[in-house]
Amino acid sequence: MEKFFSVADIDNLDLVVQEALSLKANPYSWRELGKNKTLGLVFLNPSLRTRLSTQKAAMSLGMDVMVINMDKEGWALETKDGVIMNGTTVEHIREAAAVMGEYCDILGLRSFPSLKDKVADYTEELFNKFVKFCGVPVVSLESATRHPLQSLTDLITIMEYKKMARPKVVLAWAPHVKALPQAVPNSFSEWMCKAQEQGLVDFTIAHPTGYELNDEFTAGARIVGDLDDALTAADFIYVKNWSSYHDYGQVHPVEGDWLMTNNKLALTNDAKVMHCLPVRRDLELSSEILDGPNSLVVKEAGNRVWAAQVVLKRMLESLKK
Amino acid sequence: MEKFFSVADIDNLDLVVQEALSLKANPYSWRELGKNKTLGLVFLNPSLRTRLSTQKAAMSLGMDVMVINMDKEGWALETKDGVIMNGTTVEHIREAAAVMGEYCDILGLRSFPSLKDKVADYTEELFNKFVKFCGVPVVSLESATRHPLQSLTDLITIMEYKKMARPKVVLAWAPHVKALPQAVPNSFSEWMCKAQEQGLVDFTIAHPTGYELNDEFTAGARIVGDLDDALTAADFIYVKNWSSYHDYGQVHPVEGDWLMTNNKLALTNDAKVMHCLPVRRDLELSSEILDGPNSLVVKEAGNRVWAAQVVLKRMLESLKK
Amino acid sequence: MEKFFSVADIDNLDLVVQEALSLKANPYSWRELGKNKTLGLVFLNPSLRTRLSTQKAAMSLGMDVMVINMDKEGWALETKDGVIMNGTTVEHIREAAAVMGEYCDILGLRSFPSLKDKVADYTEELFNKFVKFCGVPVVSLESATRHPLQSLTDLITIMEYKKMARPKVVLAWAPHVKALPQAVPNSFSEWMCKAQEQGLVDFTIAHPTGYELNDEFTAGARIVGDLDDALTAADFIYVKNWSSYHDYGQVHPVEGDWLMTNNKLALTNDAKVMHCLPVRRDLELSSEILDGPNSLVVKEAGNRVWAAQVVLKRMLESLKK
């Protein structure tokens with residue numbers, strides 16, 4: 001595997017899930033695979049789960065790991081080409097990426113979208129330049145439009161906790177006070193659409209008017225504006241806020257109550273509730289759910305390790321060839 | 001050992017000191033014990049000694065170590081229950097702690113007191129929630145009211161450098177320009193009081209009026225307001241500033257000269273001088289002492305490694321069971 | 001090797017280059033040498049290349065590595081002696097250095113100059129105090145007046161890519177918008193002057209009037225004010241901005257065009273172009289050169305690993321004695 005950026009980088013979803021779960025059962029059985037290999041984790045934004053779970057996965061594979069908070073410990077990056085660098089940016093991504101590629105066998109990059117420049121964000125300008133110039137395999141630690149380690153984790157979690165062959169999975173928009181990226185819902189949606197194609201799930205999206213996702217990510221999903229309708233007989237609910245894609249990065253007032261509560265849970269097939277975290281309690285998701293028996297959010301976060309580990313393992317195996 | 005938070009977590013003080021000193025003599029003889037075990041060090045505040053000595057101790061035990069500056073690299077934490085999270089805090093400690101517990105076999109947490117909310121600080125609200133929700137053994141890297149790795153270090157240092165069976169140890173308040181927590185003096189005091197009970201030391205506290213510690217930490221200590229009286233025949237002087245406990249977090253003007261100098265040292269039994277560091281030179285403790293033969297402060301800081309290593313070793317042994 | 005601070009710490013330059021290149025050929029053949037040894041990397045300023053390449057070198061030698069951003073994660077340092085510490089600095093370098101020496105077998109320190117206090121900068125006050133008080137071997141990760149790991153890297157790169165016995169090397173001043181230290185050009189110059197003495201290169205410096213370096217670093221170099229003259233028949237061009245030494249830390253307007261471009265490259269013997277990075281594109285060095293076949297900047301940055309590794313290897317060998 002040369003890159004882990006989207007669901008397109010994985011052919012057989014069931015297979016990768018089974019491999020991840022076998023790593024969960026035997027985390028340290030591949031300590032030799034990563035020996036004398038270095039992973040560099042580059043953060044342009046904050047991170048808790050991704051930072052720790054990816055480090056842990058790499059160490060369990062025997063890799064050496066280096067973490068850099070580029071924004072705080074390194075130099076302010078220039079990403080545009082053709083500019084005379086006489087301003088506040090100190091280093092161009094062409095050099096920064098290439099240099100990090102000299103030091104690492106595999107790199108991970110986290111870079112949030114601007115939410116201001118839709119074209120730059122949706123062409124994944126920064127991530128793609130990093131991949132192009134660093135010259136080594138790159139794992140996305142969340143880019144402008146996708147968060148694939150999260151989505152793989154989510155699929156692993158659904159497969160681990162499902163009680164039937166083809167569970168009903170609902171992505172449910174939820175309120176927030178800030179304008180958040182579409183990366184997590186985009187990514188979850190493209191993974192679930194492919195999982196649906198491969199017969200693993202049945203996938204529905206519910207959101208208020210004005211919060212339509214880019215349809216490149218939702219092909220095949222049932223999309224509804226009525227949350228109660230979506231939740232009926234659901235087996236898994238994935239709660240998540242996002243800002244508007246069409247009116248890019250904006251937050252619109254919505255009608256109706258989109259906070260996920262036990263009342264809404266009653267409509268479901270005793271659904272398990274998921275969220276990528278961090279979650280705003282009692283704004284996106286009620287405390288009663290988070291502290292109750294239906295919440296999977298902590299176990300889901302725990303599964304981040306196995307998603308990272310299976311991706312790194314496949315990349316290491318490619319390097320060996 | 002499930003938790004290392006206070007002196008109550010250690011029964012026999014002499015035994016733990018001997019075990020620490022045997023690790024000092026053979027630091028790398030337990031490299032296999034921590035294999036495939038991960039320590040997560042979580043900092044909500046700055047740290048030099050604790051950060052480096054605990055990392056080193058864990059690596060010497062063969063552990064994988066991850067460090068996170070939660071305030072800078074992760075998300076702003078909410079610690080109160082029952083609040084709608086529509087403000088500036090991004091993640092609740094319930095989720096953050098639980099998630100870190102998924103990634104680590106043992107966690108360490110540093111969280112200073114507010115010095116504003118006495119009840120929250122002295123009930124150790126944040127630390128206790130972290131312990132409750134993370135679900136794995138936790139080492140305090142200094143909490144609101146205690147700094148047990150420092151106090152264990154101090155006991156190790158006293159036992160290592162004592163010239164008689166039951167040395168006289170004096171905790172001496174010293175001036176400062178900032179309002180500092182009571183964590184170090186509270187903790188030192190509760191460790192020395194227990195050490196006195198177990199026949200290891202003779203313990204006296206000297207402080208100006210208005211700087212009485214919470215008597216929960218000082219039971220059994222001789223407490224005096226006259227520094228010269230306290231210093232007479234002292235074998236060890238532990239210099240430290242703290243703010244008022246009763247007039248919580250306040251700094252009062254004091255009478256008399258509480259800066260520790262060679263003149264005061266002349267009253268003692270050629271006492272060794274200790275401080276947890278960082279120390280304000282010539283405000284708390286004179287340069288002549290710090291640079292002279294009676295100072296133990298650097299060797300004391302060096303011993304932080306063995307305090308951390310014996311605690312982690314005992315926790316790892318508990319995990320193995 | 002007790003210290004790696006300047007070219008004076010290496011006797012035979014050809015020998016150290018050959019040793020570095022043999023590590024490049026077999027990076028992991030010394031994994032046992034650093035076992036149970038700890039490297040501490042202390043940063044008072046930002047760093048990308050130095051941070052990652054030195055970590056990687058140490059891990060490849062089997063060392064445990066700890067990194068601390070002293071300015072952000074630790075305490076504000078006092079460096080002057082004889083001051084009553086009642087201001088904003090929290091810890092004196094005497095204690096901080098000594099304590100870190102307790103935890104580490106080898107330390108690295110990065111500390112940029114003030115560019116305001118020429119005497120303090122050029123006597124290397126901070127670096128020398130750190131060395132004196134920490135009590136263990138210290139590697140400079142760039143100090144006020146020198147960047148020896150960079151210069152060793154540069155020499156390795158020249159020796160690796162040279163096409164003749166004694167290539168012509170030119171240090172060429174370039175424009176910038178900020179006042180930069182003289183550390184890189186000072187250091188490059190003293191290494192090239194020694195390399196010239198040892199018959200390895202032929203060394204020329206070109207800079208505008210007002211940008212004369214301290215002649216302690218340039219003895220033996222040919223120094224010219226005409227860039228075209230310097231570039232004639234050059235085999236390697238080392239492009240770098242620096243602020244004025246004599247009018248300390250100032251930036252003067254210059255006459256003529258000092259931006260390095262393909263037009264200027266045409267004057268050379270198809271010279272390879274080097275830069276320590278980060279580089280301001282199209283201000284110091286043109287994009288056409290950086291993206292073209294003559295640029296060595298990325299390979300040069302990659303060689304930072306082998307410079308660090310040979311230095312750490314020699315220090316570890318000294319420890320063993």
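The values are calculated or read from the model by the stated rules, or taken from the named source; none is laboratory data. Bear in mind the structure is a predicted one, so any value in this text is a computation, not a measurement. Backbone-built Cβ (ideal geometry, glycine too); neighbour counts: all protein chains shown.
For segment C:129-141, does any single residue satisfy the condition of being of a type in the set (A, V, I, L, M), in contact with a Leu (Cβ under 7 Å, 6 or more places away or on another chain) and assigned by TED's automatic domain parsing to the domain that holds C:Asp270? No, the conditions are met nowhere in segment C:129-141. Annotation: C:Met85 fulfils all but one of (1) in contact with a His (Cβ under 8 Å, 6 or more places away or on another chain); (2) closer than 17 Å to B:Leu52 by Cα; the unmet one is (2). Only one residue in C:Leu33, C:Leu39, C:Leu52 is among the hydrophobic types (A, V, I, L, M, F, W, C), surrounded by fewer than 23 Cβ atoms within 10 Å (Cβ to Cβ) and more than 10 Å from chain B (Cβ to nearest Cβ), so which one is that? Among C:Leu33, C:Leu39, C:Leu52, only C:Leu33 is among the hydrophobic types (A, V, I, L, M, F, W, C), surrounded by fewer than 23 Cβ atoms within 10 Å (Cβ to Cβ) and more than 10 Å from chain B (Cβ to nearest Cβ). Consider B:Tyr245 carefully, then state whether it is part of a loop (DSSP other than H, G, I, E, B) and within 23 Å of B:Phe5 (Cα to Cα). Criteria met by B:Tyr245. Scan segment A:101-115 residue by residue and report those that are within 7 Å of chain C (Cβ to nearest Cβ) and charged (D, E, K, R). Across segment A:101-115, the qualifying residue is only A:Glu102.
The rows are residues; the columns are (1) surrounded by fewer than 24 Cβ atoms within 10 Å (Cβ to Cβ); (2) among the acidic types (Asp, Glu); (3) modelled with pLDDT under 95.
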residue: B:Lys264; (1), (2), (3): yes, no, no
residue: B:Asp270; (1), (2), (3): yes, yes, no
residue: B:Val273; (1), (2), (3): no, no, no
residue: B:Cys276; (1), (2), (3): no, no, no
residue: B:Val298; (1), (2), (3): yes, no, no
residue: B:Lys313; (1), (2), (3): yes, no, no
residue: B:Leu316; (1), (2), (3): yes, no, no
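Of the residues examined, C:Glu73 is not one that is outside the structural domain of C:Val184 (by TED's automatic domain parsing) and farther than 29 Å from C:Pro278 by Cβ. Residue count for segment A:55-79, restricted to those that are in contact (Cβ under 8 Å) with a residue 24 or more places away in the chain, surrounded by fewer than 19 Cβ atoms within 10 Å (Cβ to Cβ), farther than 20 Å from B:Met63 by Cβ and touching an Asp or Glu at 6+ places or on another chain (Cβ under 9 Å): 1. In segment B:84-107, the residue that is farthest from B:Ser140 (Cα to Cα) out of those that are touching a Gly at 6+ places or on another chain (Cβ under 7 Å) and touching a residue at least 60 places away in the same chain (Cβ under 8 Å) is B:Tyr103.
Whenever a residue of segment B:14-42 is closer than 18 Å to B:Leu319 by Cα, its partners that are aromatic (Phe, Trp, Tyr) and part of a loop (DSSP other than H, G, I, E, B), lying with C-beta atoms within less than 8 angstrom and at least six residues away or across chains, give the pairs B:Asn36/A:Tyr28. Do we have C:Glu142 as at positive phi and touching a helix residue (DSSP H, G or I) at 6+ places or on another chain (Cβ under 9 Å) here? Yes.
If you check B:Val42, B:Val90, B:Val83, B:Val99 for being among the aliphatic types (A, V, I, L, M) and touching a Phe, Trp or Tyr at 6+ places or on another chain (Cβ under 6 Å), only one passes: B:Val90.
Just to be sure, is C:Asp228 of a type in the set (Asp, Glu), loosely packed, with under 15 Cβ neighbours inside 10 Å and in a helix (DSSP H, G or I)? So C:Asp228 fits the description; yes. Within segment C:85-97, the residues that satisfy the criterion of being more than 12 Å from B:Val279 (Cβ to Cβ) and either among the charged types (D, E, K, R) or surrounded by 13 or more Cβ atoms within 10 Å (Cβ to Cβ) (or both) are C:Asn86, C:Ile93, C:Ala97. Scanning segment B:237-294 for residues that are within 25 Å of B:Ile156 (Cα to Cα), without any contact (Cβ under 8 Å) to a residue 24 or more places away in the chain and within 10 Å of another protein chain (Cβ to nearest Cβ) returns B:Arg281, B:Ser287, B:Leu290, B:Asp291. Counting only residues that are more than 27 Å from B:Gly87 (Cβ to Cβ) and either among the polar types (S, T, N, Q) or part of a loop (DSSP other than H, G, I, E, B) (or both), segment A:200-225 holds 15 of them. Looking only at segment A:182-199, residues that are surrounded by fewer than 22 Cβ atoms within 10 Å (Cβ to Cβ) and in a loop (DSSP other than H, G, I, E, B) come to 2 in all.
When A:Ala57, A:Ala98 are checked against the criterion of being in contact with a helix residue (DSSP H, G or I) (Cβ under 7 Å, 6 or more places away or on another chain), outside any strand (DSSP E or B) and either under 14 Å from A:Cys134 (Cβ atoms) or within 12 Å of chain C (Cβ to nearest Cβ) (or both), A:Ala98 stands alone in meeting it. A single entry from A:Leu200, A:Leu149 fulfils the requirement of being under 17 Å from the mean Cα position of the chain (by Cα) and at negative phi: A:Leu149.
Of the residues making up segment A:162-181, those that are part of a loop (DSSP other than H, G, I, E, B) and either of a type in the set (Lys, Arg) or within 12 Å of A:Tyr211 (Cβ to Cβ) (or both) are A:Lys162, A:Lys163, A:Arg166, A:Ala174, A:Pro175, A:His176, A:Lys178, A:Ala179, A:Leu180.
Within segment C:296-321, residues that are farther than 18 Å from C:Lys272 by Cβ sit with their Cβ atoms under 6 Å from residues that are buried (at least 23 other Cβ atoms within 10 Å of the Cβ) and among the basic types (Lys, Arg), at 6+ positions apart or across chains, in these pairs: C:Val305/C:Lys56. Would you confirm whether any residue within segment C:8-28 is crowded, with 22+ Cβ neighbours inside 10 Å, part of a loop (DSSP other than H, G, I, E, B) and either of a type in the set (A, V, I, L, M, F, W, C) or more than 11 Å from chain A (Cβ to nearest Cβ) (or both)? No, because not a single residue in segment C:8-28 is crowded, with 22+ Cβ neighbours inside 10 Å, part of a loop (DSSP other than H, G, I, E, B) and either of a type in the set (A, V, I, L, M, F, W, C) or more than 11 Å from chain A (Cβ to nearest Cβ) (or both).
Per-residue answers, yes or no, for (1) assigned to a strand (DSSP E or B); (2) without any contact (Cβ under 8 Å) to a residue 12 or more places away in the chain; (3) touching a Gly at 6+ places or on another chain (Cβ under 7 Å):
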position: B:Leu109; (1), (2), (3): yes, no, no
position: B:Leu115; (1), (2), (3): no, no, yes
position: B:Asn128; (1), (2), (3): no, yes, no
position: B:Ala144; (1), (2), (3): no, no, no
position: B:Leu149; (1), (2), (3): no, no, no
position: B:Ile158; (1), (2), (3): no, no, no
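Quick check, is B:Lys118 surrounded by fewer than 22 Cβ atoms within 10 Å (Cβ to Cβ), within 14 Å of chain A (Cβ to nearest Cβ) and more than 15 Å from B:Asn45 (Cβ to Cβ)? Against the criterion (surrounded by fewer than 22 Cβ atoms within 10 Å (Cβ to Cβ), within 14 Å of chain A (Cβ to nearest Cβ) and more than 15 Å from B:Asn45 (Cβ to Cβ)), B:Lys118 does not qualify. For segment C:60-95, the set of residues classified as assigned to a strand (DSSP E or B) and at the interface with chain B (Cβ under 7 Å from one of its Cβ atoms) consists of C:Asp64, C:Met66, C:Ile68, C:Glu91, C:His92, listed by residue number. Look at segment C:162-177: where a residue is within 21 Å of C:Pro278 (Cα to Cα) and a partner is surrounded by 16 or more Cβ atoms within 10 Å (Cβ to Cβ) and hydroxyl-bearing (Ser, Thr, Tyr), sitting 6+ places away or on another chain with Cβ atoms under 6 Å, you get C:Val170/C:Thr204; C:Leu171/C:Tyr238; C:Trp173/C:Tyr211.
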